[in-house]
Amino acid sequence: LAVPALLPVALALAAAPLTAAVGAVRPRAAAPVAVGAASVAFVACLATWWAGSAPVDLPWAPSWGLRLRFHFDGLATLYAVLTTAVAVAVTVYATAYVPRHLHHQERPREEAVRFHALILLFMGAMLGLVTAGDGLLLFLFWDLTAVTSYFLIAFDRERAEARSAALMALLVTGVTSILFLAGVVLLDLGTGSFAIDTWLGAGTTPAAAALIAVAAVAKSAQVPLHFWLPRAMAAPTPVSAYLHSAAMVAAGVFVLTRLHPLIAAAPALSTALAVIGAVSMTVGGLLAFVADGLKAVLAYSTIAHYGYVTLLLALGGEHAIVAASFYVLAHGVAKSALFLAAGAVTEATGASTLARVGGLGARMPVLAAATGVAAAALAGLPLTIGYFKDELLFRVALQHGNLATAVAVAGAALTLAYTTRFWTSIFLGPAVGSARPVERRLTGPVVALAAVALAGGLYPDPLARLAAAAAARAPESVELEYHLLRTETALAVVVWIVGAAMVIVPSPLRAVAGAFRQAGARAGPERLYRMALHALNRFSRRLRRIEQRDLRSRVTPVLAPLAVLVGLALVATGGWRRIDAGRIATTDIPLAIAVSIAAAAAIATARRRRHLGIAVTLSTVGFSLAAAYAFSGAPDVALVAVLIETLLTLLFVGMLALFPLSVLRRQVRREPPRGRFWRDVAMSLLAGALALAVALRTLSGPTPRDPIAAAYLRLAPEAHGRDTVTVILADFRGLDTLGEITVLAIAFAGVLTLLRRQAP
Amino acid sequence: MTGLLTRMVARLLLPASLVTALAILVKGYGDTGDGFAAGAVAAAGIVVQYVAFGGATVERLLPVRAAHVGVVTGLLVALAVGFGPVAAGLPLLAHRPPPEAHVVRLGTLELHTATLFDLGVFLLVIGFTVGAVRALAHAGERS
């Protein structure tokens, strides 16, 4: 019995719309529905893991080679189980947290519906991402996670901090996702297929692998593209918990794992990733050690821990995939529990920094114990799942020499130091402030996740099998047991000693980390990002000021360079010598008259001062040109020209009616600046000469032997049409029409948005 | 307020423009004019009403409030005709019935997906023009 791989994905993707639909009718029901939908997705993933699954390959747009390929292999199973399991914990937590959160900010309760739907969309996107077997699908879900995270981080849209954090996350992960797409397209060009399996079998394209790796580094918040993650904790706590443990950030290392053969085959890229991973471990660990916010400590720690995973994947070798996958699993469980615990602490005490909490252990013993287990798991203490993640890390590092081992030990010691600091500052010491009891639904998920962390430490077999299956290319079994006499065990003991030393004598490390933080604030990548954003804004504002002055300033920068460039091209290619003005036949006389009237009306328009007069004379230009089209045997164009001219004139007159009469009179009386007149004359002569030269040059070229017009005329009857222009618009060049009307619809939205905004 | 003559002519123009638009729409795929022209004719008829009678009266008498529905429906219809064939493995905008197949006619109206495409364009153009004019009129009343 094999479950189709599409089933869990479809269930997960259906969860968000279902919750939104139920919430639209009955807002209070959204939260329980969200929990139910997440649980169903989780059970579906477990069932698929247990029963095995058949890959799905459905045609999507076959004429473009697009297919819906999903496969639920070992790697996908691990991430899917983690994603949905944490989703269940987070949605349960959110049922209590979100109403409190909205209450604190005095926002209507109904906004909770949006929250639950978005969290589930996040889950669906992540599940789609991990099961996608097609590069384009992978990209699609990759971007969906970025867009969803944008809305979730900016959930408190009244707060400027949340909005700028969301924008930062979207810009950093969204701009790099373009590189991801470029990599995907390169791989398709190289192998002729979007199927990931084909890519993995076809050797590597280093450029494509590098592009994808950059996007993954940004997504997994690795140095130097890490700065968005600590800001993203402006999001409500359940979002942070999910984003840091199983969604979004995990997507980066997931893609590195999925495409690992491509990266392993490019040695320079592997080295670069190893350096990035090692630097991220150090930077994240140091900053976590001196951070003061409850969530800030955890956010920096996430950077460090995905640094481990990046390092593991970059080192490669026998156990790398298994170790990296197991690491993500263990970290996801521990980190989500810690974030949820931090949120519960803040809800109980109202404090969100380590300095303002303390001694909570006696007052919240259950939460203290559960958080302690989760912190121990993150720090890699025995009897928790975390011990094995570190053991696997050391095992891989030992295969790659002393430097890798030293980095791993240092990173693990730092982790032990800051998790100890985190837990002891909150729960030990003298009591600080008051603490109100919180709902079971805020502590329950923490306890459940801590139980998983503990069970994984006592009986690691199922999770070890899950991780072993993740390395589908070379299935291997990995045994996880407690041994006394092993190098890995010895390294763990070293970590404990060094970590304990850091906790007991924190000042030297504090000084180093503090100096580092200062330097980062002054010249770090976040500063660069802000400077770049600022400069772009300033440039755009300056451009807008020039452009907005009046219509002439808007047209001049377009026409002047165009005229000069076209003139240069005509001279340089000698094209002006081939211009043939031709002769005017007697049959052309009506046409000549129509065009002359248009020209005369154009000159008259420029001389009018009263607004209504300008509108009417201007319409004469259009109607004369419409007559010219009619004389040239183009009834379709003439019809459209007449209609457009009518509408435009009506609009002009209508717009004039909206202005107060005094404003119009003042405008009429005002003399234009002296110099401007000659500038305008020069510009219009230049533009006219440009149009004339281009038209003459085009029309005096040799007539092609089989012009496309002939083909259109021949084919129009075959397409069931007798009027060629109509057939061109709806059939031959229908895609152009489609594009244009899409632009029209977008312009409509723009018009409405601009006009509905109240003037201050 | 506009003059009596303007209002009388405007009133006469409304049915005339709507009937003309309908005629252009159903006149068949083979003759001059298309969805864009039909949409522009009908929209011009309605815009004249705005100029002659003012926004409040038009809002009361004509269903102009549904303009955005026209834009969205028109775009969706056109996109469906355009991309529908892709889902069936055909090229973009592959119209049905295909070349040389028989086309059912109801009078001059041909039952052909190109006509449907034109209908989408018509809806979008009329929706766009009327909606934009309506928004302008509202903005004018506010200021």
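Quick note: the coordinates plus some simple rules give every number you see, no bench work behind them. Because the structure is a prediction, the values reported are computed rather than measured. No Cβ is skipped: glycine too gets one built from the backbone with ideal geometry, and neighbour counts run over all protein chains shown.
Before moving on, here are some points about what is shown:
- Filter pass, A:Leu179 being of a type outside the set (Phe, Trp, Tyr), within 26 Å of A:Leu262 (Cα to Cα), assigned to a helix (DSSP H, G or I) and touching a strand residue (DSSP E or B) at 6+ places or on another chain (Cβ under 8 Å): no
- Selection count where residues are surrounded by 14 or more Cβ atoms within 10 Å (Cβ to Cβ), facing chain A (nearest Cβ under 10 Å) and out of contact with any Ser or Thr (no Cβ under 7 Å at 6 or more places or on another chain), scope segment B:78-102: 8
- All of B:Phe128, B:Phe122 fail the test of being under 12 Å from the mean Cα position of the chain (by Cα), more than 10 Å from chain A (Cβ to nearest Cβ) and under 22 Å from B:Ala38 (Cα atoms), apart from B:Phe122.
- Residue in segment B:41-53 that is more than 19 Å from B:Thr129 (Cβ to Cβ), surrounded by fewer than 22 Cβ atoms within 10 Å (Cβ to Cβ) and more than 7 Å from chain A (Cβ to nearest Cβ) present: no
- Inter-residue pairs, beta-carbon under 7 Å, first in contact (Cβ under 8 Å) with a residue 60 or more places away in the chain and in segment A:565-586, second aromatic (Phe, Trp, Tyr), 6+ apart: A:Leu570/A:Trp576
- As a summary of the residue check, B:Ala114 satisfies the conditions (1) within 10 Å of another protein chain (Cβ to nearest Cβ); (2) surrounded by fewer than 14 Cβ atoms within 10 Å (Cβ to Cβ) except for the one numbered (2).
- Residues in segment B:31-40 that are in contact (Cβ under 8 Å) with a residue 24 or more places away in the chain and of a type outside the set (D, E, K, R) were compared, and the one that is surrounded by the most Cβ atoms within 10 Å (Cβ to Cβ) is B:Gly35.
- Test: residue in segment A:364-378 that is part of a loop (DSSP other than H, G, I, E, B) and either surrounded by fewer than 22 Cβ atoms within 10 Å (Cβ to Cβ) or not aliphatic (A, V, I, L, M) (or both): no
- Single residue of A:Arg510, A:Arg552 found to be more than 28 Å from A:Ala404 (Cβ to Cβ) and of a type in the set (D, E, K, R): A:Arg552
- Residue list for segment A:27-79, restricted to those being crowded, with 20+ Cβ neighbours inside 10 Å and polar (S, T, N, Q): A:Thr48, A:Ser53, A:Thr77
- For segment A:426-455, residues that are within 14 Å of A:Leu340 (Cα to Cα) and not in a helix (DSSP H, G or I) total 2.
To keep it simple, each residue is scored yes or no on (1) surrounded by fewer than 12 Cβ atoms within 10 Å (Cβ to Cβ); (2) of a type in the set (D, E, K, R); (3) away from chain B (no Cβ under 14 Å).
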{"site": "A:Glu645", "(1), (2), (3)": "no, yes, no"}
{"site": "A:Gly654", "(1), (2), (3)": "no, no, no"}
{"site": "A:Leu658", "(1), (2), (3)": "no, no, no"}
{"site": "A:Leu664", "(1), (2), (3)": "no, no, no"}
{"site": "A:Arg670", "(1), (2), (3)": "yes, yes, yes"}
{"site": "A:Pro673", "(1), (2), (3)": "yes, no, yes"}
{"site": "A:Ala687", "(1), (2), (3)": "no, no, yes"}
{"site": "A:Ala691", "(1), (2), (3)": "no, no, yes"}
